[in-house]
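Novice: This is the structure I want to talk about, given as structure tokens.
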Amino acid sequence: MQTQTHPLISPVLGTQRHLTSFHYGPAGGQKVYIQSSLHADELPGMLVSWTLRKRLAALETAGKLRGEIVIVPVPNPIGLNQRLLGHMLGRFETGTASNFNRSFHDLAALVIPRIEPRLTGDARLNLLAVRDAMREALAEQTPTTELESQRLALQRLSYDADVVLDLHCDFEGAMHLFTNPDLWPEVEPLARYLDSKASLFALNSIGNPFDEIHSFCWSELRARYGERYPIPNGSISVTIELRGQADVTYAFAERDANAIVEYLTYRGVINGTPAPLPPLEFDATPFSGTEPLRAPISGVLVFRTPIGVWVEPGQEIADVVDPLADRVVTITSSIAGVLYARQRARFTTAGQEVACIAGAKPIRGGSLLPN
Ligand SMILES: [Zn+2]
């Protein structure tokens, strides 16, 4: 195992942060990149990273790693240190209101000016040529702020990984994941090992979140050059939502780390026989098929349906109780699907999104990501 440190730009006099990456296994084979808690207040993944580190150290000692596995347990030290009136604020940088999981460099845009003369009829060589171009372009970037330097440091660690796993969570959530539909055959085994309750296909959500910049660049390059040159999927990139913010337990961390180890064994990065693939309870669905349920009035939010279950149209998901007007409004689902995420606070404002259902039919367009 090798430990690397990556200094960030000092934002103020007397302050200096850095990232730490842990590198297990030999370089030259497949590369896997795993980070947790990019949204710094989403902490189930940080415990999974720590659990994975122990598993990988033992596997490395036993000589069972065939590829390099990079773990970045704390990719956002800026967000970890943000507090207001006793509350942790880990999703947006307080100085700029910038979401920590947006605005990464668009890798396709970086390589397109230089890649075409290097492409050939060999898909493997094209993959290497694109990665070379990515490395060169990322090396040319000059960040000016601490946040830009954090984003760039993460991209320099991950751009050439065959598998990228970005560990997040929802407010309250069932296990679910987001990926590029082009990658589903490669991701489906991971969804099975994780017991994912909703597997959502994002069609370029706009905003350059971390997992999408790794996968969509290959889709985009294929759309642009694919008729003349074979372009493979260079990165199997997945955002894994490890349930909800309060779901930080040793039992969950063991289970989730184990699912990732099984997946990496299945992919041949870890030597061994993977566990049989468990069934996938619910089919993958388009992100554009999700129905956000909104509260029509303000009041106390009382959920009536648990997380992670299938609901039919008309299912009563939650009540909003207005104690002043002695009024109760019930929020129902208009589609069938899995109730995969819920609001955490039990008070809602009028119009606020309080839960989300993964339906099979696309019903939304435009940018689908929340703020
Ligand atoms: Zn997140």
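Novice: Hey, what do the phi angles of the stretch 83-99 turn into as Karplus ³J(HN,Hα) couplings, whole Hz, using 6.51/-1.76/1.60 and θ = phi - 60°, x for Gly and Pro?
Specialist: With the stated coefficients, the stretch 83-99 comes to 9, 9, 6, x, 9, 7, 10, x, 8, 10, 6, 5, x, 10, 6, 7, 5 Hz.
Novice: Using the alpha-carbon atoms, what tilt in degrees (0 to 90, nearest 10) does helix 123-140 show relative to the longest principal axis of the chain?
Specialist: So the helix axis and the longest Cα principal axis differ by about 80 degrees.
Novice: Ok, one more. Count charges around residue 192 for me, please; just the other residues with Cβ under 11 Å from its Cβ, Lys/Arg as +1, Asp/Glu as -1. Mind showing how you got there, number by number?
Specialist: Working: positive: none; negative: 188, 195, 262, 281.
Result for the local shell: -4.
Novice: Still on this structure, I have one more. Given all pairs of different Cα atoms, what value in angstroms does the Kirkwood hydrodynamic radius of the stretch 220-284 take? Before the final figure, lay out each step's value.
Specialist: Details: mean 1/r = 0.0658 Å⁻¹.
Result for the stretch 220-284 stands at 15.2 Å.
Novice: Follow-up question, since we're still on this one. Could you please state how large a percent of the accessible area of the chain is carbon and sulfur, counting protein chains only and using a 1.4 Å probe? Don't skip to the end; give the middle numbers.
Specialist: Details: 8700 of 16000 Å².
Summing carbon and sulfur atoms, their accessible area is 54 percent of the total for the chain.
Novice: I'd like the accessible area for residue 169, computed on protein heavy atoms only with a 1.4 Å probe and all protein chains in place. Round to 10 Å², please.
Specialist: 10 Å²
Novice: Further question on the same structure: For residue 361, give me every one of the lysines with a C-alpha distance below 18 angstrom, ignoring sequence neighbours fewer than eight places off in its own chain.
Specialist: 197
Novice: Sequence neighbours fewer than 8 away in the same chain don't count; with that in mind, list the lysines whose C-alpha is under 25 Å from residue 64.
Specialist: Result set, ordered by chain and number: 31, 54.
Novice: Kindly state, to the nearest 0.05, the FRET efficiency for residue 139 paired with residue 294, given R0 = 56 Å and r defined as their beta-carbon distance. Don't jump to the answer; show the numbers that get you there.
Specialist: Details: r = 45 Å, r/R0 = 0.81.
Rounded to the nearest 0.05, the efficiency is 0.80.
Novice: After finding the eigenvalues of the alpha carbon gyration tensor for the stretch 261-316, what semi-axes result from the square roots of 5 times each, listed largest first in whole Å? Numbers along the way, then the final one.
Specialist: Numbers: eigenvalues 294, 33, 30 Å².
Equivalent-ellipsoid dimensions as semi-axes: 38, 13, 12 Å.
Novice: So, one more: Please report the Cα spread of the chain along all three principal axes, rounded to whole Å, starting with the longest.
Specialist: Over the chain, Cα extents along the principal axes are 68, 51, 44 Å.
Novice: What are the ³J(HN,Hα) values, in whole Hz, obtained from phi via the Karplus relation 6.51 cos²θ - 1.76 cosθ + 1.60 with θ = phi - 60°, for each residue of the stretch 104-112 in sequence order, with x given for Gly and Pro?
Specialist: Per residue, the Karplus-derived 3J(HN,Hα) values read 6, 4, 6, 5, 4, 4, 6, 8, 4 Hz.
Novice: Per residue, what volume in Å³ does the convex hull of the Cα atoms of the stretch 286-358 enclose? Could the numbers behind the result be given before it?
Specialist: Details: hull volume 5.4 nm³, N = 73.
Measuring per residue, one finds 74 Å³ for the Cα hull of the stretch 286-358.
Novice: When the convex hull of the Cα atoms of the stretch 1-129 is projected onto a plane and the area is averaged over all directions, what value comes out in nm²?
Specialist: Values: hull surface 44.3 nm².
Mean projected area for the stretch 1-129: 11.1 nm², to one decimal.
Novice: Here is a further query. Using modelled backbone amide H atoms (1.01 Å from N, in-plane), which distant-in-sequence or interchain residues come within less than 5 Å of residue 243's amide H?
Specialist: Residues meeting the criterion, in which the H sits 1.01 Å from N, are 170, 175, 176.
Novice: Please give the Cα centre distance for the stretch 302-358 versus the stretch 219-290, rounded to the nearest Å.
Specialist: 29 Å
Novice: Between helix 210-225 and the chain, what is the angle of the helix's C-alpha long axis to the longest principal axis, kept within 0 to 90° and rounded to the nearest 10?
Specialist: Roughly 60 degrees between the two axes.
Novice: What is the angle, in °, between the Cα long axis of helix 184-194 and the longest principal axis of the Cα atoms in the chain? Nearest 10 is fine, range 0 to 90.
Specialist: 60 degrees
The values are calculated or read from the model by the stated rules, or taken from the named source; none is laboratory data. The structure presented is a predicted model; accordingly, all values stated were derived computationally and were not measured. Positions of Cβ are generated from backbone atoms using ideal geometry, with glycine treated the same way; all protein chains shown enter the neighbour counts. These area figures cover heavy atoms from the full protein model, side chains too; ligands, DNA and RNA do not enter into them. Shrake-Rupley method; radii C 1.70, N 1.55, O 1.52, S 1.80 Å.
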